[in-house]
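Shown next, in structure tokens, is the structure this report addresses.
Bear in mind these aren't lab numbers, they're just calculated from the coordinates by the rules spelled out. Computed from a predicted structure; not experimentally measured. Note: ideal-geometry Cβ built from the backbone for every residue, glycine included; neighbour counts use all protein chains shown.
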Amino acid sequence: MSEITRRAQFPLLPDISTLIDPFQLLLGWKSPAEAYGIRVEAHFEDGAYVVRAELPGIDPAKDVEVTVTDDLLTIHAERSEQTKERHHSEFRYGSFTRSLRLPEGAKTDKAAAGYKGGILTIRVELSETKKAASHKIKVESTE
């Protein structure tokens, strides 16, 4: 029997997953991204660090805030529940926050963000960083 069929037959029963979800997070069965609803991917591209975050159904002008504090990029979004009566919903409503450590050399004052098709894209330029120099040190006997 499918979940939808089971819910249609027993509409007054609560969704057990809403009771189990907090315990799954505490026990480490769910990642923070699954629990809080912001999934991200990051990569380097043309001298920049690019972060993409899934935020479908969000109005970026009103419901999204992106900040950088001490090389920590934080994405905060809120999704308000609509007051329609529905039989079944798996949408998550409320506040969602995700933070990522920016790589060394990130020019946080040159960061830019855009939103298209439910994806928030943040691009942070990187400065040329010197590669760590490596050299051998001769060990002399002091005996």
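Can you compute the FRET efficiency between GLU128 and ALA61 using 1/(1 + (r/R0)^6), with r the Cβ-Cβ distance and R0 = 35 Å? Round to the nearest 0.05. Using R0 = 35 Å, I get an efficiency of 0.50.
Residues in the stretch 41-49 carry Karplus couplings, in order, of 9, 9, 7, 9, 8, 6, x, 9, 9 Hz; the curve used is 6.51 cos²θ - 1.76 cosθ + 1.60 with θ = phi - 60°, and Gly or Pro positions show x. Measuring r between the beta carbons of VAL68 and ARG92 and using R0 = 25 Å, the FRET efficiency lands at 0.50. For the stretch 63-69, backbone phi angles converted through the Karplus equation (6.51, -1.76, 1.60; θ = phi - 60°) give residue-by-residue couplings of 10, 10, 10, 10, 10, 10, 9 Hz, Gly and Pro being listed as x. The H on the amide N of LEU55, modeled in the peptide plane, is under 5 Å from the matching H of ILE119, LEU120, each at least 5 residues off or on a different chain.
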